[in-house]
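**Student:** First the structure, which I've put down as C-alpha cells, then a few questions once you've had a look.
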Ligand code: PLP
C-alpha cells in the first residue's frame, strides 16, 4: 500500500525553482574532486576553483549583457545583494550630502528591509507612486528627483504581480539627475532579456533553476563597484566587497544556469506564456467578472499569473488547493500577514488582496499540470461561491 500521496503540482516558481539536473551535474565535482579554496593562490586546487569562479562570472555577465570583466560580485543570496547594494552606498551618498533614497512600496521585503535600515541612519526614504498595474508613476519619480536624491532602488519586475518596470526610462531619469539606479532583477533575470541598463542589479541563482544560497550583484557601471563599502570586513574575496570563502559549487551551478538560460530563455518564455494564457482564459471563461487578473497585461513576466476573486474567503480558497502548490504573496512574508501588501498598494481591497493566488510557472510545467490546476482552482472557487450564495439566501 502506498501511503505517500503524490506531490502537488508546483506552481510557486517565484519563490524558488527546481535545480536543473544539468546544473547539479556541473556542481558535483566541485564538492569532492575540486574542493580547493579559491583564495589559496599557491596551489593548483586553489587555482582551479578561482578559475571556475571567473568563468561563472563571465556566464552571468553574458546573460545580463554586462561587461565581461569585473562586473559580478557573488553573495549568498539576493537578500544579501540588496543589502550590500543599498547599505554599501550610504557612506558615499552621505559624503555627497545626498540623503534621500527613492523606492516603491511594492518592492520585495529585502529591499524594504534594507531601506528601513538606511532610514535608521538618517536617510529619508521616499516611496514613488505606483499605478494600478504595478508600473511606477514616472512623473512622480521625476518630481522626487531633487538635489538630495542619491539612489533609486526599483525592481526590474515585481515578485507578486510580475509587472515589468520601464527600466530604460527610469535609468534615463536617474542619469539626468546624477542618481545611482539599483534594480532588484531577481524575478526578471534569466526569464526575460534585460534590454535596458540600470547601474547595477541583484540576482539570485535559485530563481533560475540554479542552487539556493548563491546570489550576486552585477554592475553595468563598473566604476560604481569600487565606490561601494563592504558590510563586513575580513578577506579580499569578491574585491573585498564580500569577504568570506566563496561557495564554489553553487557559483559553478549559477554560471551553468545562466548559460542554459541564455540559450533556452526565449523558448521557455514562449512555453510558459502559452500555459499562463491558457490558465487565465479558462478561469475567466468560467468565472467572468467574479475574478480579476492583477498586474499589467502588457508589461508582464511570461510565467506569472496573479488572480483575485471577489466575495469569497481567501483563506478558505487557498486551504482547499491540496494538489497545487501556489502562494498568495511573497514567501518571505508568509506567517507575517495573510494578505498581499503589494495588491493593497495596487488599490485592491483587503478582502480581494486576501482572496488572491500567485501562480508561477516553471520551464518544465506541462499542459497536463496547468489543466489539472485550473480544474482544482476553479472547483474550489465554485464551492466557495455556492457556499457564499447559500449563506446570502439564508439571511
Ligand atoms: N528580490 C526579489 C524580487 C525576490 O523575489 C526574492 C525572493 O523571492 C528576493 C529578492 C530574495 O532572494 P533570495 O531568496 O536569493 O534572498
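**Student:** Simple spin-label model, 7 Å along Cα-to-Cβ: residue 142 to residue 18 in nm?
**Tutor:** 4.8
**Student:** How big is D, in µm² s⁻¹, for region 156-204 by Stokes-Einstein at 20 °C and 1.002 mPa s if Rh is the Kirkwood radius over C-alpha pairs? If you can, show how the numbers build up before the last one.
**Tutor:** On the way: Rh = 11.0 Å.
Once the numbers are plugged in, D ends up at 194 µm²/s.
**Student:** Using helices alone, what [θ] at 222 nm do you get for the chain, with -39,500 (n - 2.57) per DSSP H run of 4 or more residues, divided over all residues and rounded to the nearest 500? Spell out each step's value before the answer.
**Tutor:** On the way: 13 runs with 160 residues, N = 395.
The helix-only estimate for the chain comes to -12500 deg cm²/dmol at 222 nm.
**Student:** Mind giving me the nanometre distance, one decimal, between the label points for residue 132 and residue 266, set 7 Å out from Cα along Cα→Cβ?
**Tutor:** 3.5
**Student:** Residue 233 to residue 322: extension gain in nm, 0.36 nm per residue of separation minus the Cα-Cα distance? Mind showing how you got there, number by number?
**Tutor:** Values: separation 89, 0.36 × 89 = 32.04 nm, distance 4.67 nm.
Contour length minus the Cα-Cα distance gives 27.4 nm.
**Student:** A further question follows. Determine the distance separating the Cα centre of region 369-389 from the Cα centre of region 146-196; give it in Å without decimals.
**Tutor:** After rounding, the separation between the Cα centres reads 37 Å.
**Student:** If you take the alpha carbon radius of gyration of region 119-232 and divide it by 2.2 N^0.38 Å, what ratio comes out, to two decimals?
**Tutor:** Numbers: Rg = 14.5 Å, N = 114, 2.2 N^0.38 = 13.3 Å.
Taking the Cα Rg and dividing by 2.2 N^0.38 Å, one obtains 1.09.
**Student:** Here's a follow-up. Which angle from 0 to 90°, rounded to the nearest 10, does the C-alpha axis of helix 78-87 make with the longest principal axis of the chain?
**Tutor:** Roughly 60 degrees between the two axes.
**Student:** Here is a follow-up. Please list the radius of gyration and Dmax for region 104-161, considering alpha-carbon atoms only, with Å as the unit.
**Tutor:** 11.7, 33
**Student:** Which whole-number percent gives the relative contact order of region 86-198, counting Cα pairs below 8 Å spaced six or more residues apart? It would help to have the intermediate numbers written out before the result.
**Tutor:** Details: 172 pairs, mean separation 29.2, N = 113.
Reported as a whole number, the value is 26 percent.
**Student:** Can you compute the FRET efficiency between residue 375 and residue 54 using 1/(1 + (r/R0)^6), with r the Cβ-Cβ distance and R0 = 45 Å? Round to the nearest 0.05. Before the final figure, lay out each step's value.
**Tutor:** Numbers: r = 49 Å, r/R0 = 1.09.
Once rounded, the FRET efficiency stands at 0.40.
**Student:** Still on this structure, I have one more. How long is the gain from residue 351 to residue 364 if the chain were fully straight, where each residue apart is worth 0.36 nm and the alpha carbon distance is subtracted? Working shown, then result.
**Tutor:** Working: separation 13, 0.36 × 13 = 4.68 nm, distance 3.29 nm.
Working it through step by step, the gained length comes to 1.4 nm.
**Student:** What fraction of the Cα pairs in the chain, stated in percent, has a spacing above 31 angstrom? Each step should come with its number before you reach the end.
**Tutor:** Working: 31218 of 77815 pairs.
Counting pairs separated by more than 31 Å, the tail of P(r) holds 40 percent.
**Student:** How many angstrom lie between the C-alpha centres of region 4-69 and region 233-271?
**Tutor:** 6
**Student:** Okay, next question. Per residue and in Å³, how big is the convex hull formed by the alpha-carbon atoms of region 186-226? Before the final figure, lay out the partial values.
**Tutor:** Values: hull volume 2.5 nm³, N = 41.
Residue-normalised Cα hull volume stands at 62 Å³.
**Student:** Using the Cα atoms as the points, what is the convex hull volume per residue of region 1-94 in Å³?
**Tutor:** Values: hull volume 18.3 nm³, N = 94.
It comes to 195 Å³ per residue, whole-number rounded.
**Student:** Rounded to the nearest whole Å³, what is the per residue volume of the convex hull around the Cα atoms of region 187-299? Don't jump to the answer; show the numbers that get you there.
**Tutor:** Details: hull volume 16.4 nm³, N = 113.
So the per-residue hull volume is 145 Å³.
**Student:** Quick one: if you stick a label point 7 Å off each Cα along the C-beta vector at residue 125 and residue 40, how many nm between them?
**Tutor:** That separation, rounded to one decimal, is 4.3 nm.
**Student:** How large is the Rg to Rh ratio of region 54-183 when both quantities use alpha carbon positions and Rh follows Kirkwood? Each step should come with its number before you reach the end.
**Tutor:** Numbers: Rg = 14.8 Å, Rh = 15.4 Å.
Rg divided by Rh gives 0.96.
Computed from the coordinates by the stated procedures, all read-outs in this text should not be read as laboratory data. Everything quoted here is computed from the prediction, not taken from an experiment. Glycine gets a Cβ as well: all are built from the backbone with ideal geometry, and neighbour counts include every protein chain shown.
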